[in-house]
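The values are calculated or read from the model by the stated rules, or taken from the named source; none is laboratory data. Because the structure is predicted, anything quoted here is derived from the model rather than measured. Here Cβ is always computed from backbone atoms with ideal geometry, including for glycine, and neighbour counts include all displayed protein chains.
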Amino acid sequence: MTAETQTGQEIPIRFTDVARERVKSFMASRGKQGSALRVAIQGRSSAGFRYAMNIVDPSDREDDDVVFDAGGFPVYVDSRSLENLRGATIDFVETAQGSGFQIDNPNPVWRDEIAMLVQNIIDTQINPGVAAHGGYIELLDVKDGIAYIFMGGGCQGCGLADVTLKQGVEAIIRDAVPQIKAVVDQTDHAAGTNPYYRPSKG
């Protein structure tokens with residue numbers, strides 16, 4: 001069963017009774033009464049969305065957050081994630097392989113046809129090769145003919161990231177999807193752990 005909508009308040013994400021009680025238990029065990037649960041979409045691939053769920057302090061609330069009561073605790077969802085989480089149900093499941101939260105999301109990974117094409121190229125032509133070096137490319141967004149990507153794993157912090165982007169990723173995407181005019185890397189490479197990368201000294 002899921003929580004009922006309170007009068008005058010939209011409940012964009014539902015929690016099953018089991019999931020709700022597990023969240024409250026986690027908060028209590030960590031002395032986090034009065035805290036909130038942040039739910040966000042961190043990335044996506046052809047396999048689906050990649051989610052993040054974290055217990056946060058009220059001071060971590062952002063200006064663009066949508067806040068609602070899940071039945072015993074507040075939930076923060078940034079407006080961008082909310083577009084792709086509306087109507088989802090969060091459950092907590094236990095199987096022979098382990099236990100954890102599971103999100104049943106009715107929303108498509110991409111609504112934009114161009115983004116779908118770019119995602120397919122990343123999945124079928126780019127990531128298989130990048131994976132050989134311990135990395136992966138993730139499509140963040142497509143807007144006004146520009147594809148925004150994140151370079152993870154061995155690609156994050158790699159000294160050859162610019163070469164990989166311009167001669168590999170961007171060339172392949174633009175050749176396969178002519179509607180894309182540019183590919184922009186939004187990775188924080190200074191935060192990467194690649195041993196071959198050395199941040200420049202100021």
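Summary table
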read-out: Exclusive hit being surrounded by 14 or more Cβ atoms within 10 Å (Cβ to Cβ), within 12 Å of the chain's Cα centre (by Cα) and either aliphatic (A, V, I, L, M) or closer than 17 Å to THR16 by Cα (or both), set VAL66, VAL75, VAL56, VAL39; value: VAL39
read-out: Of all residues in the range 58-69 being within 23 Å of VAL109 (Cα to Cα) and of a type in the set (D, E, K, R), the one that is modelled with the lowest pLDDT; value: ASP64
read-out: Selected residue [modelled with pLDDT of 95 or more, outside the structural domain of GLY168 (by TED's automatic domain parsing) and out of contact with any Gly (no Cβ under 7 Å at 6 or more places or on another chain)] from GLY87, GLY72; value: GLY87
read-out: Total residues in the range 141-172, condition of a type in the set (A, V, I, L, M), touching a helix residue (DSSP H, G or I) at 6+ places or on another chain (Cβ under 8 Å), modelled with pLDDT of 75 or more and farther than 21 Å from PHE49 by Cβ; value: 2
read-out: Top-ranked residue in the range 7-22 [being at pLDDT 95 or above and β-branched (Val, Ile, Thr); ranked as surrounded by the most Cβ atoms within 10 Å (Cβ to Cβ)]; value: ILE13
read-out: Top-ranked residue in the range 89-98 [being surrounded by 11 or more Cβ atoms within 10 Å (Cβ to Cβ) and not aromatic (Phe, Trp, Tyr); ranked as farthest from the chain's Cα centre (by Cα)]; value: VAL93
read-out: Failed item in (1) modelled with pLDDT of 95 or more; (2) surrounded by fewer than 15 Cβ atoms within 10 Å (Cβ to Cβ), with ASN105 passing the rest; value: (2)
read-out: Wholly within the range 24-75, strands (runs of 3 or more DSSP E) carrying at least 3 residues that are free of Cβ contacts under 8 Å to residues at least 24 places away in the same chain; value: 48-56
